[in-house]
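What follows is a short report on a single structure.
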Amino acid sequence: QQKVQQSPESLIVPEGGMASLNCTSSDRNVDYFWWYRQRSGKSPKMLMAIFSNGEKEEGRFTVHLNKASLHTSLHIRDSQPSDSALYFCAVSASNSGTYQRFGTGTKLQVVP
Amino acid sequence: DMKVTQMPRYLIKRMGENVLLECGQDMSHETMYWYRQDPGLGLQLIYISYDVDSNSEGDIPKGYRVSRKKREHFSLILDSAKTNQTSVYFCASSFTSAETLYFGSGTRLTVL
């Protein structure tokens, strides 16, 4: 079974600091990469998606994608306690009949 | 308001009992999913449905079956529940299998 590896498993950053989360797929057929955030006791919600090589920024959140290495990263600058959550990476192929496969997640804790 | 609704939120069953988890969506999404979430394992796909009566196994289908007779409803059935099926179950939907997933609020199932 193809895997989606996320690192680190958990991360503690100080308020105002930078959080960096990583994700790599072992499936060379994937070309869509997603980041979902799950706050405690809630359901996952899509945070950002990236389908082309490069960088995408939305507010304090930036995602990078390197398709050659099947690696994506999520960076949160000026981290806030409200960013504390479980972050999942998901990957899928663009052809029909596939589905998003999730990594095991990174637990982010932002401490005041 | 786009919504995926799951019922019930909490459920306690005894080993060997049958379990029915129900999911509805009001977005006319073609594709619906059942995932289970266990600590350290992330979100694992049980079944995917591409449309009415068009269901496919995910990564962990054993012990589960599904039913989709209307586009807006997708049911997960556990025939003779086992203790290792204790988990949080999430239903999700998307326009196609290559687009953002919208998750329901989850069902926490305990099998005693």
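The values are calculated or read from the model by the stated rules, or taken from the named source; none is laboratory data. None of the values given here were measured: they were computed from a predicted structure. Methodologically, a virtual Cβ is constructed for each residue, glycine included, from the backbone with ideal geometry; neighbour enumeration extends over all protein chains shown. The accessibility values were calculated without ligands, DNA or RNA, using every heavy atom of the protein model including side chains. Shrake-Rupley method; radii C 1.70, N 1.55, O 1.52, S 1.80 Å.
Put simply, of A:Thr72, A:Thr62 the only residue that is away from chain B (no Cβ under 12 Å), farther than 26 Å from B:Ile60 by Cα and either open to solvent by less than 30 Å² (accessible area, probe 1.4 Å) or in a loop (DSSP other than H, G, I, E, B) (or both) is A:Thr62. For region A:1-34, the tally of residues that are closer than 21 Å to B:Gly58 by Cβ, open to solvent by less than 80 Å² (accessible area, probe 1.4 Å) and assigned to a strand (DSSP E or B) stands at 7. Checking each residue in region B:9-19 for being closer than 13 Å to B:Ile77 by Cα and in a loop (DSSP other than H, G, I, E, B) picks out B:Gly16, B:Glu17, B:Asn18.
The residue of region B:20-47 that is most open to solvent (accessible area, probe 1.4 Å), among those that are part of a loop (DSSP other than H, G, I, E, B) and of a type in the set (Asp, Glu), is B:Asp26.
One residue alone among B:Val66, B:Val19, B:Val4 is modelled with pLDDT of 95 or more and under 20 Å from A:Lys45 (Cβ atoms), and that residue is B:Val4.
Within region B:65-92, being in a strand (DSSP E or B), closer than 18 Å to B:Val4 by Cβ and open to solvent by 70 Å² or more (accessible area, probe 1.4 Å) holds for B:Lys69, B:Lys70, B:His73. Looking at A:Thr106, is it more than 14 Å from chain B (Cβ to nearest Cβ), out of contact with any helix residue (DSSP H, G or I) (no Cβ under 8 Å at 6 or more places or on another chain) and polar (S, T, N, Q)? No: the conditions fail for A:Thr106.
The number of residues in region B:8-57 being of a type in the set (D, E, K, R) and over 15 Å from B:Arg68 (Cβ atoms) comes to 7. Going through (1) under 15 Å from the mean Cα position of the chain (by Cα); (2) farther than 26 Å from B:Phe95 by Cα; (3) open to solvent by 30 Å² or more (accessible area, probe 1.4 Å) one by one, A:Arg39 falls short only on (2).
Taken over region A:75-103, the criterion of being at the interface with chain B (Cβ under 7 Å from one of its Cβ atoms), under 19 Å from A:Leu47 (Cβ atoms) and either in a loop (DSSP other than H, G, I, E, B) or open to solvent by 60 Å² or more (accessible area, probe 1.4 Å) (or both) is satisfied by A:Tyr99, A:Gln100, A:Gly103. Taken over region B:48-64, the criterion of being open to solvent by less than 50 Å² (accessible area, probe 1.4 Å) and either at the interface with chain A (Cβ under 10 Å from one of its Cβ atoms) or in a loop (DSSP other than H, G, I, E, B) (or both) is satisfied by B:Ile48, B:Ser56, B:Gly58, B:Asp59, B:Ile60, B:Pro61, B:Gly63, B:Tyr64. Restricting to region A:42-59, name every residue that is closer than 19 Å to B:Thr100 by Cβ and open to solvent by less than 60 Å² (accessible area, probe 1.4 Å). Within region A:42-59, A:Ser43, A:Pro44, A:Leu47, A:Met48, A:Ala49, A:Ile50, A:Gly59 meet the criteria.
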